[in-house]
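Peer 1: Next up is a structure, given as structure tokens.
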There are 2 protein chains.
Amino acid sequence: MEDIVSLCKRRGFVFQSSEIYGGFASCYDYGPLGVELKRNIKNAWWRSMVQERDDIVGIETSILMHPKVWEASGHVATFNDPLVDCKTCKGRFRADHLEHIPCPMKPSKMAGQAEPCDLTEARAFNLMFKTTVGPVEKEDESNIAYLRPETAQGMFVNFANVLTTARKKLPFGIAQMGTSFRNEITPGNFIFRTREFEQMELEFFCYPDTAAEWHEKWIDIRYQWYLDLGVRRENLSIRKHEWDELSHYARDPRGTGTVDLEYKFPFLDKPGELEGVANRVDHDLTQHAKHSGQKLTFFDPQTNEHVVPFVIEPAAGVGRNMLVFMIDAYHEEEVKPGDTRVVLKFHPQIAPIKVAVLPLLKKRDDIVNVCQQLTKDLKKKTAAVYDDTAAIGKLYRRQDEVGTPYCITVDVETVEKDNAVTVRDRDTMQQERVALDQVQNYVLDKLGV
Amino acid sequence: MEDIVSLCKRRGFVFQSSEIYGGFASCYDYGPLGVELKRNIKNAWWRSMVQERDDIVGIETSILMHPKVWEASGHVATFNDPLVDCKTCKGRFRADHLEHIPCPMKPSKMAGQAEPCDLTEARAFNLMFKTTVGPVEKEDESNIAYLRPETAQGMFVNFANVLTTARKKLPFGIAQMGTSFRNEITPGNFIFRTREFEQMELEFFCYPDTAAEWHEKWIDIRYQWYLDLGVRRENLSIRKHEWDELSHYARDPRGTGTVDLEYKFPFLDKPGELEGVANRVDHDLTQHAKHSGQKLTFFDPQTNEHVVPFVIEPAAGVGRNMLVFMIDAYHEEEVKPGDTRVVLKFHPQIAPIKVAVLPLLKKRDDIVNVCQQLTKDLKKKTAAVYDDTAAIGKLYRRQDEVGTPYCITVDVETVEKDNAVTVRDRDTMQQERVALDQVQNYVLDKLGV
């Protein structure tokens with residue numbers, strides 16, 4: 001794991017937020033390669049969830065919403081972590097993660113050790129960030145707003161708007177990608193759990209008697225999505241939540257609870273959540289109908305009845321997704337005795353750079369000119385880069401380390417003899433000679449994207 | 001303008017945030033068509049600014065940043081609007097927008113009128129939203145955080161990280177798209193000015209003696225981008241900021257100020273800002289170097305000197321961009337006497353739906369089957385929809401109204417005679433007969449995307 005964190009920083013995938021000021025609050029920034037990887041993951045999700053389907057439409061709702069949204073959803077009352085204080089050192093901890101925490105203010109007689117903290121009773125600490133809106137000095141009921149802790153409620157409060165404008169019938173889904181915030185007491189493990197994070201959520205509305213079946217279907221679809229993008233089957237698993245893990249809406253006896261797709265994260269002692277697929281029953285629509293006084297139902301023209309749909313919700317985090325794609329793609333390979341390469345074996349669809357164009361000799365203008373024209377042409381169609389800042393062996397290793405599927409090398413033969421270039425495959429390291437005027441189509445075909 | 005707002009709501013481009021609770025705080029949600037339009041605008045920007053260029057890389061930084069970032073940038077001290085209160089009705093107003101505001105508590109003797117408000121002296125009101133981070137009950141210096149009012153500072157504090165990891169030399173740029181927040185006292189005009197908004201910003205770092213030239217270049221590049229995406233030249237203009245409009249960083253005598261690309265918004269009495277192109281000189285890097293103690297310079301290997309680059313910043317808002325593309329594309333055309341159509345003449349690259357597949361008779365299974373197979377195939381390559389919920393004339397009008405460049409109609413002839421379909425052009429309304437097995441390539445070629 002340290003290797004991956006170090007690679008992320010060294011090659012510009014992930015930086016600590018506000019690093020020059022010592023970092024901040026478990027927030028992270030995505031560098032030049034990280035942002036492309038993230039965009040590719042999000043685009044792959046959007047393509048499979050929205051663009052290629054008939055029954056799902058996308059929306060994007062605001063981060064700041066009416067505070068009544070969070071009263072209705074139950075977040076104001078129940079979105080809490082239990083918190084305890086140490087009466088001596090004033091430290092704060094999550095009561096459910098607690099063992100014997102040493103108190104720095106209570107040194108024991110044994111050197112280098114400390115006695116445990118002297119803890120208060122646990123009390124509820126709400127995880128929503130609060131702010132105030134409008135020209136006001138003091139927080140009061142009329143001006144308070146929360147930073148959304150999930151994108152889901154944006155879909156529920158727009159249920160009627162989407163139903164009408166997109167002319168949808170049950171079953172249909174609303175998908176959204178966007179930033180959410182949770183004031184976690186104990187964030188951590190790099191980008192696994194952060195206070196600011198991006199979600200990819202689908203709310204799939206269906207007839208109540210089909211919800212169990214759709215729950216199964218969505219678990220399968222989402223599991224297959226990770227496999228299709230190259231995540232190794234042996235690192236994935238599926239686990240149903242125990243009763244005491246379930247969110248308030250998932251405890252409904254009419255529902256089928258929550259199922260996690262899990263991944264073998266190297267820093268956890270058992271598989272951890274990669275994506276949750278929850279059956280939220282009719283909890284959210286019913287609550288919003290009650291609190292807003294609006295009708296949030298689907299009118300079934302066949303039975304002439306108003307139906308409150310059940311909702312199946314596959315919900316993933318973009319940062320955690322990215323971490324899984326990085327960990328799963330990471331390989332150290334002994335190329336020959338004593339010579340190891342690091343290679344990220346990304347699926348071409350998510351690789352941040354698809355093809356690198358490299359000159360064998362950067363002092364030869366004719367070679368460099370061919371490279372630059374080729375890069376320019378490739379950039380119109382895919383993510384291509386030119387690099388001449390090292391010798392060819394080192395350039396290949398650099399591209400391996402960031403997961404570039406193909407390198408194209410232009411050499412003396414290209415310009416003096418055969419008008420062909422060398423294409424190198426990241427995974428096999430095999431090289432092939434391809435005519436210069438064919439190489440774009442050759443590589444784009446291989447990429448399949 | 002009312003026609004556009006109404007179209008936005010009716011067809012699912014833009015909804016009021018939290019509408020079922022009466023809306024909220026001048027925030028907006030983007031519906032199924034709005035989110036696709038927005039994605040297309042953002043992708044067009046990213047493609048032209050990052051993907052197709054050698055000298056710009058992208059990043060995505062967090063919304064919550066270290067509070068020292070905003071002290072260094074000057075936002076804590078100077079990002080204010082002047083605010084006045086009415087002593088009688090307690091209303092709050094921007095002092096610089098003030099005329100005679102009627103006070104509801106001071107009815108005049110004339111029916112339906114009121115006397116002016118009784119105003120306090122103006123005082124500074126900071127436009128940054130505040131929150132607190134971590135398990136704390138009260139706001140104090142150690143836990144305060146701001147929601148970023150611009151994405152720009154995320155690029156400046158990552159200057160050194162990007163310089164190192166992306167191996168860039170001057171001139172080079174860092175681009176970012178992301179959400180920012182400003183607690184405007186008087187937001188308004190639909191999505192023209194909102195408290196939560198998405199930005200597309202480029203910080204272009206260059207040698208100080210080339211900044212004036214780059215400033216000109218970026219004004220040209222950005223102006224051309226709007227033209228290339230179909231915005232009509234007669235609605236665009238360019239205007240240099242007057243001294244009293246300039247931000248603190250743009251008043252530096254070594255710089256060239258700020259230039260706005262303006263658009264003729266129908267609700268303003270003169271052209272309004274579409275995008276600002278500012279010369280921020282070395283203000284931000286210098287301030288962050290001072291406040292963080294870090295070295296934020298470029299080492300020039302030719303002169304052996306450390307250079308603090310100047311920065312040219314083209315900064316646009318996604319929502320405002322979308323509004324311009326909607327307004328500019330909006331046409332009402334008299335098709336024949338007494339018959340008017342509404343058509344959004346979007347450039348194909350930004351049209352939310354590229355092609356609609358329509359059955360002439362939805363009761364014929366053979367026709368519907370052809371339509372659905374064609375839609376499915378098209379969806380793998382572009383944004384395609386199938387619609388059978390009205391007669392063909394009405395279906396065409398619906399697609400015109402949302403700017404779909406091409407409609408493909410499958411009729412009885414298709415399945416019984418010629419195995420061909422009708423392709424209708426949105427702008428000319430001309431129809432052409434194309435072989436079914438050719439129609440995908442035919443339309444994708446015409447779209448050119």
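Peer 1: What percent antiparallel are the DSSP beta bridges of chain A, to the nearest 5?
Peer 2: Taking every DSSP beta bridge within chain A, about 85 percent pair in antiparallel fashion.
Peer 1: Does anyone have the angle between helix B:318-329 and the longest principal axis of chain B? Alpha-carbon axes, 0 to 90°, nearest 10?
Peer 2: 40
Peer 1: Right, next: Peptide A:303-316: average number of partner chain Cβ atoms within 10 Å per residue?
Peer 2: 0
Peer 1: What translational diffusion coefficient, in µm²/s and rounded to a whole number, does the Stokes-Einstein relation yield for chain B at 25 °C and a viscosity of 0.890 mPa s, taking the hydrodynamic radius as the Kirkwood radius over Cα pairs?
Peer 2: 98
Peer 1: To confirm my reading of the symmetry, which residue of chain A has the Cβ nearest the axis that brings A onto B, and what whole-Å distance does it have?
Peer 2: With distances in whole Å, chain A gives A:Thr131, 2.
Peer 1: Interface size between chain B and chain A, please: total buried accessible area, 1.4 Å probe, rounded to the nearest 100 Å².
Peer 2: 7000
Peer 1: I've got another one for you. If you rank B:His248, A:His215 by how much accessible surface each has, with a 1.4 Å probe, what is the order from largest down?
Peer 2: My answer, sorted largest first, is B:His248, A:His215.
Peer 1: Let me ask something else. Residue by residue, what Karplus-based ³J(HN,Hα) values in Hz, rounded to whole numbers, does segment B:214-219 have, using 6.51, -1.76 and 1.60 with θ = phi - 60° and x for Gly and Pro?
Peer 2: 5, 4, 4, 4, 5, 4
Peer 1: Using the structure shown, list the pairs from A:Lys381/B:Lys376; A:Lys38/B:Lys42; A:Lys381/B:Lys381; A:Lys138/B:Lys90; A:Lys376/B:Lys168; B:Lys38/B:Lys381 with a Cα-Cα distance above 21 Å, or answer none.
Peer 2: A:Lys381/B:Lys376
Peer 1: For chain B, what is the relative contact order in percent, using Cα pairs closer than 8 Å and at least 6 residues apart in sequence?
Peer 2: Value for chain B: 12 percent.
Peer 1: Now a separate question. Explain nothing, just the number: dipole magnitude of the protein assembly as shown about its Cα centre with +1 on each Lys and Arg Cβ and -1 on each Asp and Glu Cβ, in debye rounded to the nearest 20.
Peer 2: In debye, rounded to 20, the protein assembly as shown gives about 20.
Peer 1: Any idea what the B:Glu432 label distances to the other copies are, label 7 Å down the Cα→Cβ vector, nm, shortest first?
Peer 2: Computed spacing set for this position: 3.5 nm.
Peer 1: Hey, another quick one. Near A:Lys87, which aspartates and glutamates are there with a Cα under 12 Å away, not counting those fewer than 8 places off in the same chain?
Peer 2: A:Asp118, A:Glu121
Peer 1: Ok, one more. At 1.4 Å probe radius, can you tell me the per residue accessible area of segment A:339-449 in Å²?
Peer 2: Ligands and nucleic acids excluded, the figure is 45 Å² per residue.
Peer 1: Right, another one. Taking 7 Å along the Cα-to-C-beta vector as the label spot, tell me the A:Arg10-A:Lys270 distance in nanometres, rounded to one decimal.
Peer 2: 3.5
Peer 1: For B:Lys363, give me every one of the aspartates and glutamates with a C-alpha distance below 16 angstrom, ignoring sequence neighbours fewer than eight places off in its own chain.
Peer 2: Output for B:Lys363: B:Asp387, B:Asp388, B:Asp411, B:Glu413, B:Glu416.
Peer 1: Would you work out which of B:Val357, B:Thr409, B:Ala420 lies farthest towards the positive end of the dipole of segment B:353-447, given +1 charges on the beta-carbon of Lys and Arg and -1 on that of Asp and Glu, about the Cα centre?
Peer 2: Most positive-ward Cα: B:Val357.
Peer 1: Taking the alpha-carbon distance from B:Lys130 and a cut-off under 13 Å, which aspartates and glutamates remain once sequence neighbours fewer than 8 residues away in the same chain are dropped?
Peer 2: A:Glu137, A:Glu139, B:Glu139, B:Asp140, B:Glu141
Peer 1: Let me ask you something else. For segment B:199-294: lysine pairs with Cα atoms under 25 Å, gap of 8 or more or different chains, count?
Peer 2: Close lysine pairs under the 25 Å cut-off: 4.
Peer 1: Taking square-rooted eigenvalues a ≥ b ≥ c of the alpha carbon gyration tensor, is the protein assembly as shown rounded, prolate or oblate, where a/c under 1.5 means rounded and, failing that, a/b exceeding b/c means prolate?
Peer 2: rounded
Peer 1: Right, here's the next one. Go through segment B:70-159 and name the GluC sites (Glu not before Pro) that are in a DSSP coil and have 14 or fewer other Cβ atoms within 10 Å of their Cβ.
Peer 2: Answer by residue number: B:Glu99, B:Glu121, B:Glu137, B:Glu139, B:Glu141.
Peer 1: Taking all protein chains in place and a 1.4 Å probe, what share, in percent, of the accessible surface of segment B:353-447 do carbon and sulfur account for?
Peer 2: 47
Peer 1: How much accessible area does A:Asp252 have with a 1.4 Å probe, in Å² rounded to the nearest 10?
Peer 2: Answer for A:Asp252: close to 40 Å² accessible.
Peer 1: Further question: For A:His248, place a label point 7 Å from Cα along the Cα-to-Cβ direction in every copy; what are the distances to the other copies, in nm, shortest first?
Peer 2: Once sorted, the set of distances for A:His248 reads 4.4 nm.
Peer 1: Working from Cα positions, state the angle (0 to 90°, nearest 10) between the long axis of helix A:365-379 and the longest principal axis of chain A.
Peer 2: That helix lies at roughly 30 degrees to the long axis.
Peer 1: Roughly what % of Cα-Cα distances in segment A:201-295 sit above 20 Å, to the whole percent?
Peer 2: Percent of Cα pairs beyond 20 Å in segment A:201-295: 45.
Peer 1: Counting only helical runs of four or more DSSP H residues, what would the 222 nm mean residue ellipticity of chain A come to if each run contributes -39,500 (n - 2.57) and the total is spread over all its residues?
Peer 2: Estimated from H runs of four or more residues: -8000 deg cm²/dmol.
Peer 1: Got a sec? Charge dipole of chain A, +1 on Cβ for Lys and Arg, -1 for Asp and Glu; which of A:Asn126, A:Pro337, A:Ser73 is way out at the positive end?
Peer 2: A:Pro337
Peer 1: With a 1.4 Å probe and all protein chains kept in place, how much accessible area does B:His291 have, in Å² rounded to the nearest 10?
Peer 2: 80
Peer 1: Still on this structure, I have one more. Any idea what the A:Pro116 label distances to the other copies are, label 7 Å down the Cα→Cβ vector, nm, shortest first?
Peer 2: 7.0
Peer 1: To the nearest 10 degrees, how steeply does helix A:32-46 sit against the main Cα axis of chain A, on a 0 to 90 scale?
Peer 2: Taking the Cα atoms of chain A, the angle to A:32-46 is about 60 degrees.
Peer 1: If you keep only loop residues by DSSP, which trypsin sites (Lys or Arg not before Pro) in segment B:284-323 have at most 14 other Cβ atoms within 10 Å of their Cβ?
Peer 2: Answer by residue number: B:Lys295.
The values are calculated or read from the model by the stated rules, or taken from the named source; none is laboratory data. It should be emphasised that the depicted structure is a prediction, and the values quoted were computed from it without experimental measurement. All Cβ positions, even for glycine, are placed from backbone atoms using ideal geometry, and neighbour counts span all protein chains on display. When the accessible area is computed, the model is the full protein with side chains, heavy atoms only, and any ligands, DNA or RNA have been set aside. Shrake-Rupley method; radii C 1.70, N 1.55, O 1.52, S 1.80 Å.
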